[in-house]
């Protein structure tokens, strides 16, 4: 392995006992390039060509108040596969806030759990008081990576191969861009949404394969909401209005207190992908959904799959360290109880049907992006450690046969969201690999694993050593080299 370390960043973070500033969530401040990564076990496949990108939260400066892991600064990690070889690099996303705090050598913004007035400067996004850390999501569109923050910050453009930050997306609207914009690889289009505390409270937009904003329209809501994800089909975008949102009375005092309003149903907006046609609204059981897996059209119906929460306002995690009970309760999938679920919206009758697809606690699902927006068969979910925001394994669901298989990483080993990397020349939907970074707390190391998606219960076909232990985080993506170059799939 050839290792190059880059100039250290300025950090003022002090040691603490915070559960999300230690262990698998220990912030990483080092930026490196590592060529010709060493193989721990197996062999690097020669039949994939592209990059795996993961976004993580890494707190740089001493928090001004109570730290939440989603406050951390965005850092992208990349592993580049070509010709049976793998290279790695990582970089902080050079946001406006990153540069400002590097200049100040200190924190300038409070966090998600802080009271009003902690921030030293006006904040960004729907919340209005937070740092735009661009630390939530990462996708590839129009030949570039795009990192985003879930509270509707600016969309940052990053070279997917060098990880150099190129600035803010020129098409980003004033209300920002929420995490989880979606890319249709067949058309090269990107679909996005944002939300705010002022009417109409939500917008939807489309950016074409040439990176031009071609559509932007309001999706009016009854008041401020907290949508987190969206889905799309060949002809529609699907947005939501869930009954978990900021308390209206607290908002009048500029306080952002999230509450569940169980008397309000879940609502789903079926929006034409392009043009200003009618928005169709459908109601369903009250819940909150962090992430969708896919959606498609089936005759008169739209089918939508995602992770239904049985307990969207879970309260405190009783076994948490003192002072962290509320935060840890809201980060634990086993307390908010997320399960793979299906909704069917009948465009002819207006009826909604629902069913649970798997009784297990699951989240952070991925699919073969070549079938995004179309009828599909396979979804790959993550399992998690009770009490923690840490992934412990993967479950492959066959939605046609309603069967599944799984792989667990083992005690003290924690994975990342695992996108699907198709084999070169693949024809089957599951002909490829799941790609994931794994933090090994037993050894204080990190590695990349590739798992054959046709046989995930066999475990990794290769384990590749990373040059340092990374910090855990949220989302990841895979991009074929051809898709990066051509901007859409032929």
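The values are calculated or read from the model by the stated rules, or taken from the named source; none is laboratory data. Small disclaimer: the values here were computed from a predicted structure and weren't measured. Cβ: placed from backbone, ideal geometry, glycine included. Neighbour counts: every protein chain shown.
Residue 406 - would you say it is buried (at least 21 other Cβ atoms within 10 Å of the Cβ) and in a strand (DSSP E or B)? Spell out the reasoning first.
Working: buried (at least 21 other Cβ atoms within 10 Å of the Cβ): no; in a strand (DSSP E or B): yes.
So residue 406 fails the test.
In segment 276-290, of all residues being under 25 Å from residue 216 (Cβ atoms) and assigned to a loop (DSSP other than H, G, I, E, B), the one that is modelled with the lowest pLDDT corresponds to 276. Scan 135, 119, 107 and give me the residue that is in contact (Cβ under 8 Å) with a residue 12 or more places away in the chain and under 17 Å from the mean Cα position of the chain (by Cα). Being in contact (Cβ under 8 Å) with a residue 12 or more places away in the chain and under 17 Å from the mean Cα position of the chain (by Cα) holds for just one of 135, 119, 107, which is 135. Filtered by the rule that a residue be part of a loop (DSSP other than H, G, I, E, B) and surrounded by fewer than 20 Cβ atoms within 10 Å (Cβ to Cβ), segment 368-380 gives 374, 375, 377. Listed conditions (1) surrounded by 21 or more Cβ atoms within 10 Å (Cβ to Cβ); (2) without any contact (Cβ under 8 Å) to a residue 60 or more places away in the chain; (3) part of a strand (DSSP E or B) are all met by residue 437, apart from (2).
Residues are listed down the side, and each one gets a yes or a no for (1) modelled with pLDDT under 95; (2) out of contact with any helix residue (DSSP H, G or I) (no Cβ under 6 Å at 6 or more places or on another chain); (3) closer than 29 Å to residue 303 by Cβ:
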{"residue": "221", "(1), (2), (3)": "no, yes, yes"}
{"residue": "234", "(1), (2), (3)": "no, yes, yes"}
{"residue": "242", "(1), (2), (3)": "no, yes, yes"}
{"residue": "246", "(1), (2), (3)": "no, yes, no"}
{"residue": "252", "(1), (2), (3)": "yes, yes, no"}
{"residue": "257", "(1), (2), (3)": "yes, no, no"}
